[in-house]
Number of protein chains: 4
Amino acid sequence: MKKAETTYASIPMQKIGPIKITGSIVNENVIVPLATYESPLWPSTNRGARVSTASGGIQAVLVDERMSRSVLVQAPSAEVAVHVMHSLQSRKNDIGRITQGTSRFARFVDIHTQIVANLLYVRLEMHTGDASGHNMVTKAADALVTWMLQEYPELAYVSVSGNFCADKKVSAVNGILGRGKYVVAEMIIPENICRRYLKTSPQQIIDINIKKNLYGSIIAGGVRTANAHFANMLLGFYLATGQDAANIIEGSQGFVTAEMRENGLYFAVTLPNLIVGTVGAGKGLDFVEENLRFLGCKEDRPPGDNARRLAVIAAATVLCGELSLLAALTNPGELMQAHERLER
Amino acid sequence: MKKAETTYASIPMQKIGPIKITGSIVNENVIVPLATYESPLWPSTNRGARVSTASGGIQAVLVDERMSRSVLVQAPSAEVAVHVMHSLQSRKNDIGRITQGTSRFARFVDIHTQIVANLLYVRLEMHTGDASGHNMVTKAADALVTWMLQEYPELAYVSVSGNFCADKKVSAVNGILGRGKYVVAEMIIPENICRRYLKTSPQQIIDINIKKNLYGSIIAGGVRTANAHFANMLLGFYLATGQDAANIIEGSQGFVTAEMRENGLYFAVTLPNLIVGTVGAGKGLDFVEENLRFLGCKEDRPPGDNARRLAVIAAATVLCGELSLLAALTNPGELMQAHERLER
Amino acid sequence: MKKAETTYASIPMQKIGPIKITGSIVNENVIVPLATYESPLWPSTNRGARVSTASGGIQAVLVDERMSRSVLVQAPSAEVAVHVMHSLQSRKNDIGRITQGTSRFARFVDIHTQIVANLLYVRLEMHTGDASGHNMVTKAADALVTWMLQEYPELAYVSVSGNFCADKKVSAVNGILGRGKYVVAEMIIPENICRRYLKTSPQQIIDINIKKNLYGSIIAGGVRTANAHFANMLLGFYLATGQDAANIIEGSQGFVTAEMRENGLYFAVTLPNLIVGTVGAGKGLDFVEENLRFLGCKEDRPPGDNARRLAVIAAATVLCGELSLLAALTNPGELMQAHERLER
Amino acid sequence: MKKAETTYASIPMQKIGPIKITGSIVNENVIVPLATYESPLWPSTNRGARVSTASGGIQAVLVDERMSRSVLVQAPSAEVAVHVMHSLQSRKNDIGRITQGTSRFARFVDIHTQIVANLLYVRLEMHTGDASGHNMVTKAADALVTWMLQEYPELAYVSVSGNFCADKKVSAVNGILGRGKYVVAEMIIPENICRRYLKTSPQQIIDINIKKNLYGSIIAGGVRTANAHFANMLLGFYLATGQDAANIIEGSQGFVTAEMRENGLYFAVTLPNLIVGTVGAGKGLDFVEENLRFLGCKEDRPPGDNARRLAVIAAATVLCGELSLLAALTNPGELMQAHERLER
């Protein structure tokens, strides 16, 4: 075993905040670590962070949370598949019992089904406490499919994971039915702060968001995506906090909003598929534990609250990095000059 | 500055091959490093690697290569935007000169345009030698947009990057017009080897590929994606070789093929958007340099050949990991048991 | 007012069946009218119909049904939007009462929400009896948004339709959450019948379905689509039965399945978004009424049963046309020769 | 043979214009026929038409035109497929000769390829004069695949159409590589005209376009679509002018732009995939011929000019209908009241 070392910076960069969220999981300034090979990410995100502090902080809110895995079975005919589907929908109590029995923190939320000819996809959705929950929900899906094959002997097993989940793959289903934390982070930036820190105007940011993030993503054939570089901040944050960074694929499918308000530029990021955890694989590494502790995400709280806190901090970090890049792009030449200065 | 440490394994795991490609960039056994927090990835990919060796190796081929960046400008009207578009299409020599002048290794390939009302998106595509080429093409795009604003004073600058690029974001354009290396890796697995190593039959792998990777991805609302977990192998490979791992987003948009041939199971992965480089940011870290050297990707070769070699090794690695997971999924319970055994 | 005359043929073409569905809404041979400017559609679909009769008929099943409209409002902040969302989810009885009060046949099914920054999209889903239900659900949405603005004065109106519906537009949401009838039609074709009528083998149809309908649609950047020409049969059927034919857009987002069974080729079409009605706009025209009567869809049945019957007949028609074209495409030159012969 | 009668209105509704386009194919007022079962479409589109006249007319421009068909062949291996692909790219003269030889008006434009494992998709793109060109390009594709199988005996035939075309199916490829006419129609509406005719403000139209057409379509999982109801106007226009209306599927994948200019609201529609023709199937019907003549699209002009004129008129019609619906939606209750008043 060897170690791959990714440098990361945390002090005094990325001092975000204060981030305030409903229920006061976070209401303070936070310093965020980002692990990356792309060093210009640090000063860029940090600039956004300074704007957040100067503007009075970021407001974040959790819309939803669940982790999913879809089992896949086949029936002799579509008619039988539909019959089983209806039966399952009427037996959610049984499904809850079967799936929750596999893990101390797993809580059944719901199932959603799809039928393609005689194939039946059952998407299992669960709360998974402070874990991102990949394994927890796979274990529950294993129990579910075993039980289904017993209860409906006309079914045949195909896969414990049928890609209607959809793990680490671009999809629309994750945003529509939910996977991970669904978080919005928003702030209002007074015009003078926008000009001083970001060297641009609110109107230019509104403009580039519409023309690049919205129309640009649409003509590129994007799906449920309208942002400039959510992926960069997510990768750095995920590596620094021991997450499975392959989940930046669904995580990066999010949206930017920028519009003029009376008191300044309203700027928000919506991340419907932010998969994070504070326990589980990767969380035992020394630097990860230190980082999670530093972020206040290893406290003695009700199950799930540490992960929720981590999610809103991640969203706030994405906001800072996105704001800063969009601002830079409004000025011809600025992006390239920053890269050249910083990478030498 | 601190360090984020990701463990990785390379010996004796992932001995892939021999990988053979046209032009003999690789024609030997290769041992591949994968950096990950998800340790079950190693034995799983390694199982696929053992199958590859037992089956006589992997054949890989490079279909295309280019790196892209799309500038975004606006005209007073659609009519003017179209006029400029036509003019640009007739001035590719000028564009080649302007864009190649920015870097020693940059070679102009082509432009592609899109118009939305009065907005003009110009997607610049270049060869970038052994670099993945993000910065090289941004620098060239900077020169292009500066030149365009001089030559066509009726235009106004919007952004040096208009999301028709599309960097680290899900899209269809990257697969259709090309971004990064377009690689296919394929092999034929005799039935007895399939059964012995993978504990399953060729027909079961063919079956799960159709029902999970094809129909499952389609109903999930995926775009240009049909695989189980390309993202996992790409992330591990990218982190171990100093790549910008946020490019797993486009990299993971690839396809699996499995069909019966006379002499066994034909199994192939197609990765149209594999962004890798052997020089540039991240490549100077000690462990990265060691890994690239170990993979034979730091040799004295014509520009681009080291990166091409790295690309086909990456594709072969993806093939090994994908094959192994699909095989595991055909057996109820196998995936979960492996995770439980390995993560404890 | 003038009349646009679209020729269509009805006798003796497209004799499909017998179509059998659960609950015996259809269990007999059916002759189907198709209105089209593209005359080769008739003999082609008819060939599939003859195969269906020779093979013992088509089995069809209704998976789900609902019509949707999404209202769009904005809150002062994401936090307020989430608060309203949670409140709405706990008041489904109120929403049912408000929305059902607008029409005799409307039955509330469910709501689904999405939040983008401070925007709240509420997708209302209803049963609409024998109507396709566009107007019924718009009327209900009108009542819903009016009520919401009264109950939650912090909200502001944006639109009674927010494109999360999504009417006559390509989307993934319609297939995932349901819009229109979700129907599967399937049959088993003995190999000798396949060869005699379709001049091809089951294996060739299986093969072309995978390579054209699945991989071909995926690389084209399709979303939730895997078929050759569902749109053609739907258009002809919709025009002949007085439907709003613009709904072929979501209707054509469906899937073909072809696989070998012991007793022949299993061939199925899945149409998750088939929007049809037997009452409402267009249904009063003389030829439409005659056609609906002829199809047995103007009988005195419980509300919704006439429309369900129409839906499964539409799906069976799509199956016949799709099967015939795929078969033709397996033989080089056959498609073009048929077009040349028939259009002269 | 029977007739399906679709009523349509043309006088005095939908007096659009004047429409001006580069090269003066249209520069006059035009009265447009729309065939539909949904009668509210007439007054709505007509309202937009009246705005267009009051605002000084619509400016339209043709960005590109081509019709496509993709043949599909398979090679023994990916390596051979790539070899053939490179060979084809160097033999465009041969391909031009082979494909143009099949029809008097066919002009070879380009090919684009895709490789999935050992499958090779070759997308043939041609100019097809005044025809929409489905048959012309299929005939040429037939000749192409026959020639390919002769020249490269290692290839095997799969299909003359491989869904990378992509005909009457949702895709991203049609917008990125082009299929049909690519048209932009734009106008500037003075604020007082906006308020008088549309009972709304420019800002409200800008606002609803962003929140409904852009964000709403994105969260719905749309692909290359950002509009409210292009499909309705296209269907009516297609049926009235003898087009193959199943092409509204790609046709409806277009975008709306609305932004404030000094002299009023800039409002534009972009239709990258507008498939229309003035000759071919359906064009010989009496009412179709009359309509085409009435629209000035049966004149003695160079090949293609009649079809181009028809395309820009179609785009202008879409603009009028889209503008009117968006305006109506900004006023709570207006849409439903209009439907109720008009359908009784």
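The values are calculated or read from the model by the stated rules, or taken from the named source; none is laboratory data. This is a predicted model, so every value here is computed, not measured. Cβ: placed from backbone, ideal geometry, glycine included. Neighbour counts: every protein chain shown. Surface areas here come from the heavy atoms of the whole protein model, side chains and all, with no ligands, DNA or RNA. Shrake-Rupley method; radii C 1.70, N 1.55, O 1.52, S 1.80 Å.
General observations
- Neighbour-limited loop hits for GluC sites (Glu not before Pro), the stretch D:273-344 (at most 14 other Cβ within 10 Å; DSSP other than H, G, I, E, B): D:Glu299, D:Glu343
- Neighbouring partner chain Cβ atoms per residue of A:243-255, average, 10 Å criterion: 6
- Close amide H contacts of B:Asn331 (hydrogens built in the peptide plane, cut-off under 5 Å, sequence separation of 5 or more or a different chain): none are found.
- For the protein assembly as shown, the antiparallel share of DSSP beta bridges with both residues in that region comes to about 90%.
- Loop-located trypsin sites (Lys or Arg not before Pro) in the stretch D:67-124 whose Cβ has at most 12 other Cβ within 10 Å (DSSP): D:Arg104
- Cα centroid of the stretch A:146-183 to Cα centroid of the stretch C:189-206, whole Å: 34
- Between the stretch C:276-297 and the stretch D:79-136, the alpha-carbon center distance in angstrom: 44
- Taking amide hydrogens as placed 1.01 Å from N in the peptide plane, the amide H of C:Asp110 sits under 5 Å from those of C:Glu125, each at least 5 positions away in sequence or on another chain.
- Inter-label distance, nm, simple model (7 Å from Cα along the C-beta direction), B:Asp300/C:Gln337: 6.3
- Based on alpha carbons, the Rg and Dmax found for the stretch A:67-159 are 12.6, 40 Å.
- Within-13-Å neighbourhood charge of A:Ala81 [Cβ basis; K, R +1; D, E -1]: -3
- Inter-site label distance for D:Arg104 and A:Met260 at 7 Å from Cα along Cβ, in nm: 5.8
- The mean sequence separation of alpha-carbon pairs under 8 Å and at least six residues apart, normalised by the residue count of chain D, gives a relative contact order of 23 percent.
- Exercise: per-residue mean of other protein chain Cβ atoms within 10 Å, B:199-206: 0
- Close amide H partners of C:Val276, meaning residues 5 or more places away or on another chain with modelled amide H under 5 Å apart, are C:Lys181.
- Under the convention that each Lys and Arg Cβ holds +1 and each Asp and Glu Cβ holds -1, the size of the dipole of the stretch C:67-159 around its Cα centre is about 260 debye.
- Dimensionless Rg ratio for the protein assembly as shown, taking C-alpha atoms and the 2.2 N^0.38 Å reference: 0.85
- With K and R counted +1 and D and E -1, the other residues having a Cβ less than 11 Å from that of C:Val276 yield a net charge of +1.
- Accessible surface buried upon B-A contact (total; probe 1.4 Å; Å², nearest 100): 7200
- Net +/- balance of residues flanking D:Gly101 in space, Cβ distance below 13 Å, scoring K and R +1, D and E -1: +2
- From phi via Karplus (6.51, -1.76, 1.60), per-residue ³J(HN,Hα) for the stretch C:201-206 in Hz, x at Gly/Pro: 9, x, 4, 5, 6, 4
- One way to sum up the overall shape of chain B is the equivalent ellipsoid from its Cα gyration tensor, whose semi-axes run 39, 22, 18 Å, largest first.
- In order along the stretch D:117-126, the phi-based Karplus estimate (6.51 cos²θ - 1.76 cosθ + 1.60, θ = phi - 60°) of 3J(HN,Hα) comes to 6, 9, 8, 10, 9, 10, 8, 8, 10, 9 Hz; Gly and Pro are listed as x.
- Evaluating 6.51 cos²θ - 1.76 cosθ + 1.60 at θ = phi - 60° for every residue in the stretch C:141-157, the Karplus couplings come out as 5, 4, 5, 5, 5, 4, 5, 4, 5, 6, 6, 10, x, 6, 7, 10, 6 Hz, glycine and proline recorded as x.
- Among D:Thr113, D:Thr128, D:Thr270, residue whose mean-square fluctuation peaks in a GNM of chain D (springs only between Cα atoms under 10 Å): D:Thr113
- Listed residue pairs exceeding 29 Å between alpha carbons, taken from A:Lys168/A:Lys212; C:Lys199/D:Lys181; B:Lys139/B:Lys283; C:Lys168/C:Lys298; C:Lys139/D:Lys212; A:Lys92/D:Lys168: C:Lys199/D:Lys181; A:Lys92/D:Lys168
- Here the accessible area of the stretch A:67-159 is 48 percent carbon and sulfur, with a 1.4 angstrom probe and all protein chains present.
- Computed extension length for B:Ser90-B:Arg196: 32.2 nm, one decimal, from 0.36 nm per residue of separation with the Cα-Cα distance subtracted.
- Low-density loop cleavage sites - chymotrypsin sites (Phe, Trp or Tyr not before Pro) in the stretch C:80-141, where at most 12 other Cβ are within 10 Å (DSSP): none
- Structural descriptor for the stretch A:46-118: relative contact order 33 percent, calculated from alpha carbon pairs under 8 angstrom and at least 6 residues apart.
- Peptide-level mean, for A:33-42, of C-beta atoms on other protein chains within 10 Å: 4
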